[in-house]
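K.L.:
One structure is given below, represented as structure tokens, and several questions about it will come after.
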Amino acid sequence: MYHLSNYLLEDVFMIHDMKPEDIIGAYKETTLDLYGSICRVVLYTDIETPYPDGKLIVSTTDTNGIITHVNQSFIEMSGYTETELINAPHSILRHPDMPSVAFKDLWDTVNRGEKWQGFVKNLRKDGGYYWVKATVIPNIRNGQVMGYTSVRRKPSRTKVEECSKLYATMH
């Protein structure tokens, strides 16, 4: 919930940005409750895009998780354009199979000024997904967190299989 001009607004921040015509294959639909009291309708499939060898996905966000920079690998793996990603919440990549407790842990950790690492199943614009081994580092200037840098790399298949089983028990 957000306060705007002293009025309490509920369900104002429901994002319906995924379009059926962008989805490849048969899809399911669900609504996710995202960080910051935002809800998003997502369309997703069971189609995995393998993480390419030798690539790093890099992005930066402000302290609210709004994307301020992306590299070309991020654009390619997510299926979004740079214009669609910049100024969007990083949770645009939130896959419904990811337990919310993982993101709570991420935010709790980086808000303490500490580095967070974990395995994340990300949602692509086309409804598919890809797995990453993510490291999120707070960008600290003069003792204050100014934003975050996230670097993602290819995870081992063993870790992906372990996390898939574990995350399914955490919903």
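K.L.:
Out of the range 89-171, which GluC sites (Glu not before Pro) are coil in DSSP terms and have no more than 10 other C-beta atoms within 10 Å?
P.N.:
On the way: sites: Glu114, Glu161, Glu162; in loops: Glu114.
Qualifying residues, ordered by number: none.
K.L.:
Also, quick follow-up: Can you return the aspartates and glutamates within cross-link range of Lys115? Criterion is Cα-Cα under 16 Å, with same-chain partners fewer than 8 residues away left out.
P.N.:
Asp62, Asp105
K.L.:
Under 5 Å between amide H atoms, partner at least 5 residues away or on a different chain: which partners does Gly147 have, H built in plane at 1.01 Å?
P.N.:
Asn139
K.L.:
On the accessible surface of the range 6-168, probed at 1.4 Å, how many percent belong to carbon and sulfur atoms? Spell out each step's value before the answer.
P.N.:
Details: 4500 of 8870 Å².
The computed percentage sits at 51.
K.L.:
If R₀ is 25 angstrom, what is the calculated FRET efficiency for the pair Thr30 and Val101, using the beta carbon separation as r and rounding to 0.05?
P.N.:
0.90
K.L.:
Here's something else I'd like to know. Between Rg and the Kirkwood Rh of the chain, both from Cα atoms, what is the Rg to Rh ratio?
P.N.:
0.95
K.L.:
Quote the accessible area belonging to Arg112 in square angstrom, nearest 10, computed with a 1.4 Å probe and with ligands, DNA and RNA left uncounted.
P.N.:
140 Å²
K.L.:
Tell me the label-point distance for the pair Leu166, Thr109, using the 7 Å Cα-to-Cβ offset, in nm and rounded to one decimal.
P.N.:
So the two model labels end up 1.0 nm from each other.
K.L.:
Just subtract the alpha-carbon distance of Gln72 and Asp53 from 0.36 nm times their residue separation and send over the number in nm, one decimal.
P.N.:
Answer, rounded to one decimal: 5.4 nm.
K.L.:
If each residue of separation counts as 0.36 nm, what is the full-extension length gain between Arg153 and Asn139 once their alpha-carbon separation is subtracted? Write down the numbers at each step before the final one.
P.N.:
Working: separation 14, 0.36 × 14 = 5.04 nm, distance 1.94 nm.
Length difference between fully extended and current span is 3.1 nm.
K.L.:
Report for the chain the percent antiparallel among DSSP-assigned beta bridges with both residues inside it, nearest 5.
P.N.:
For the chain, the DSSP antiparallel bridge percentage is about 90.
K.L.:
If you don't mind, there's one more thing I want to ask. Between beta-carbons, use under 13 Å as the cut-off and find the net charge around Leu93, counting Lys and Arg +1, Asp and Glu -1.
P.N.:
Summing Lys and Arg as +1 and Asp and Glu as -1 gives +2.
K.L.:
Moving on to the next point. Are any of the pairs Lys28/Lys55; Lys19/Lys165; Lys125/Lys154; Lys125/Lys165 more than 26 Å apart by Cα-Cα distance, and if so, which?
P.N.:
Too far apart for the 26 Å limit: Lys28/Lys55; Lys19/Lys165.
K.L.:
Given contacts defined as C-alpha pairs under 8 Å and at least six residues apart, what's the relative contact order of the range 6-168, whole-number percent?
P.N.:
About 23 percent, as a whole number.
K.L.:
What accessible area per residue, rounded to a whole number of Å², is obtained for the chain using a probe radius of 1.4 Å?
P.N.:
Per-residue value: 57 Å².
The values are calculated or read from the model by the stated rules, or taken from the named source; none is laboratory data. Not measured: the values here are computed from a predicted model. With ideal geometry, Cβ positions are generated from the backbone for all residues, glycine too; neighbour counts draw on all protein chains shown. Accessible surface areas use protein heavy atoms only, side chains included; no ligands, DNA or RNA. Shrake-Rupley method; radii C 1.70, N 1.55, O 1.52, S 1.80 Å.
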